[in-house]
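All remarks here apply to the structure that follows.
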Amino acid sequence: MLIAIVLGILTWSFLEYVIHRFLGHHRTWARKNPFGIEHTAHHSRGNYFAPAWKKGLAAGLFLAILLPPAWLLAGSYGLAYVIGFTAFYLSYEVLHRLMHVWAGVGPYGRWARRHHFFHHFHDPKKNHGVTSPIWDLVFGTYVRPEKIVVPEKLAMPWLFATDQTLRPELDRDYALRLTRASPRA
Ligand SMILES: [Zn+2]
Ligand SMILES: [Zn+2]
């Protein structure tokens, strides 16, 4: 049963990488699918996320396709697989949202933000995994970031101190780049 749950988790982890890399960033495919269009907006508008109803619809359709064969082929193990998959998908959604809106805590919070914002602001062809580096390491797209330079108009709100400068404790990890269109400039 535990193996079924772990397989479900690994399946989402793999899809998280593949969907992001190929539907989100492939040169031609990204412009032609709903995820790619929303993902382009996520990159170009900073802290924008696709509306919850779109995510819910996509997740519901995917589960409607996944659940019947999993149940028919493996019974309660199939159900455990789908539960592992769904729980980890939801964790991904929550973690990704938190990376954008909250400074985070602990080594994982720091690592995950630096990994993801390197992808956003330095090289969108690298670091496609959001919750883990596993598939980036497997497929050779992993980069360990140095200081991350964030364009000010796309910056996450948690980077700023009350006087709208970079919070001093984040100075070793991030720098702000002033942009002309910046509302803060
Ligand atoms: Zn993001
Ligand atoms: Zn991306």
Given the condition surrounded by 13 or more Cβ atoms within 10 Å (Cβ to Cβ) and aliphatic (A, V, I, L, M), answer yes or no: does some residue in region 164-171 qualify? yes
Every residue from region 113-135 that is assigned to a helix (DSSP H, G or I), touching a helix residue (DSSP H, G or I) at 6+ places or on another chain (Cβ under 7 Å) and either touching a residue at least 60 places away in the same chain (Cβ under 8 Å) or more than 14 Å from ligand 2 (Cβ to nearest atom) (or both): R113, H120, I134, W135
For the subset of region 19-52 comprising residues that are polar (S, T, N, Q) and outside any loop (DSSP other than H, G, I, E, B), which member is farthest from ligand 2 (Cβ to nearest atom)? S44
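Got a number for residues in region 104-154 being hydrophobic (A, V, I, L, M, F, W, C) and either under 26 Å from A87 (Cβ atoms) or at pLDDT below 95 (or both)? Can you show your working first?
Looking only at region 104-154, we keep the residues that are hydrophobic (A, V, I, L, M, F, W, C), and these are 105, 111-112, 117-118, 121, 130, 134-135, 137-139, 143, 148-150, 154.
Remaining after also requiring either under 26 Å from A87 (Cβ atoms) or at pLDDT below 95 (or both): 105, 111-112, 117, 130, 134-135, 137-139, 154.
Going through region 104-154 one residue at a time, the tally reaches 11.
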Can you find a residue that is touching a residue at least 12 places away in the same chain (Cβ under 8 Å), in contact with a Ser or Thr (Cβ under 6 Å, 6 or more places away or on another chain) and more than 14 Å from ligand 1 (Cβ to nearest atom) anywhere in region 153-161? yes
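Can you name every residue in region 78-103 that is within 16 Å of ligand 1 (Cβ to nearest atom) and part of a helix (DSSP H, G or I)?
We begin by selecting, within region 78-103, every residue within 16 Å of ligand 1 (Cβ to nearest atom); these are 89, 91-103.
Within region 78-103, Y89, S91, Y92, E93, V94, L95, H96, R97, L98, M99, H100, V101 meet the criteria.
Considering each residue of region 1-18, count those that are within 14 Å of ligand 2 (Cβ to nearest atom) and β-branched (V, I, T), and give that number. Working first, answer last.
Kept after step one, since they are within 14 Å of ligand 2 (Cβ to nearest atom), are these residues of region 1-18: 16-18.
Going one step further and asking which of them are β-branched (V, I, T), we end up with 18.
Of the residues in region 1-18, 1 are within 14 Å of ligand 2 (Cβ to nearest atom) and β-branched (V, I, T).
When you scan region 55-68, do you find a residue that is in a helix (DSSP H, G or I) and either within 16 Å of ligand 1 (Cβ to nearest atom) or in contact with a Lys or Arg (Cβ under 8 Å, 6 or more places away or on another chain) (or both), even just one? Before the answer, list the steps.
Step one: list which residues in region 55-68 are in a helix (DSSP H, G or I), which gives 55-68.
Checking which are either within 16 Å of ligand 1 (Cβ to nearest atom) or in contact with a Lys or Arg (Cβ under 8 Å, 6 or more places away or on another chain) (or both) leaves us with 55.
Yes: one or more hits.
The values are calculated or read from the model by the stated rules, or taken from the named source; none is laboratory data. Source: prediction; values computed, not measured. Methodologically, a virtual Cβ is constructed for each residue, glycine included, from the backbone with ideal geometry; neighbour enumeration extends over all protein chains shown.
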